[in-house]
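Report on one structure; see the data block that follows.
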Amino acid sequence: MPLDSLNFHRAEYGSATTLENCEFCMRGLDSGYFNVDKYRVCSPCAVRVGDIQAANTRAVFLRSIATGSLAAAMSGLVYFSLFRLTGGWMVFAAIGVGYAIGKAMRIGSHGFGGRRYQVMAALLTYIAVILASTLAVMRSPDVPFWAYPVLLFAPFIQMFVGHFSLAALQLLFACVGMRWAWGLMAGKSLKITGPHPFGD
Ligand SMILES: [Zn+2]
């Protein structure tokens, strides 16, 4: 028997039967379909995606900030200890901070991103990196808690008093981390259209 005759997957279907399935739930699409971005889906799935998207509310954003802040605190602590130990390679550690914060915010937001998430993630990364590195450089852990907001401007103050290279380095690290956090929180909102009848 020639091998060609085993090719039974290649069947011929008449144009009357549409054999497309919803790309989300695999149900057959009989009368028409909805577009969710590039996917062809059934109407229940389109409605579900719409509902989830509408739920991208303040509450989701706040939860995302909460998980992001937690990650910022933890990764900032790690950054602080690493900075005291090594000093070099800190640019990679800054990426780690941005990454941890971005990931945590994604988990908190159930995968949503967008401009406000990006701004928040970048802000948290800046806070974590600058605060941790400033505290590490100061070598005095007894900074009162109320002074922390002031420390956030430490690089700019240092520039003013002539510690230019340290300030530039800190800002460079922060920027690298922020870029990662920013990229991770890039949002996509899905475009839903339909119903489209078949044959268009
Ligand atoms: Zn479906």
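The values are calculated or read from the model by the stated rules, or taken from the named source; none is laboratory data. This one's a predicted model, so the numbers in the text were calculated from it and none came from an experiment. Glycine also receives a Cβ, built like all others from the backbone with ideal geometry; neighbour counts cover every protein chain displayed.
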Subject >> Scan of the stretch 151-166 for residues that are touching a helix residue (DSSP H, G or I) at 6+ places or on another chain (Cβ under 8 Å) and under 15 Å from A128 (Cα atoms), ordered by number >> reply: L151, L152, A154, P155
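Results for (1) modelled with pLDDT of 90 or more; (2) in a loop (DSSP other than H, G, I, E, B), shown as yes or no for each residue.
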residue	(1), (2)
G50	no, no
A59	no, no
A71	yes, no
G88	no, yes
Original post:
Do we have any residue at all in the stretch 57-77 that's of a type in the set (D, E, K, R), within 16 Å of the ligand (Cβ to nearest atom) and either over 28 Å from S133 (Cα atoms) or not assigned by TED's automatic domain parsing to the domain that holds L131 (or both)?
Top reply: no
**OP:** Go over the candidates M120, M159, M138 one by one and state the one that is within 30 Å of I52 (Cβ to Cβ) and either among the aliphatic types (A, V, I, L, M) or in contact with a Lys or Arg (Cβ under 7 Å, 6 or more places away or on another chain) (or both).
**Re:** M120
Subject >> Output for the stretch 105-129, where each listed residue is among the hydrophobic types (A, V, I, L, M, F, W, C) and surrounded by fewer than 24 Cβ atoms within 10 Å (Cβ to Cβ) >> reply: I107, F112, V119, M120, A122, L123, I127
**OP:** Would you be able to say whether some residue in the stretch 81-96 is under 24 Å from A167 (Cβ atoms), of a type in the set (S, T, Y) and out of contact with any Cys (no Cβ under 7 Å at 6 or more places or on another chain)?
**Re:** yes
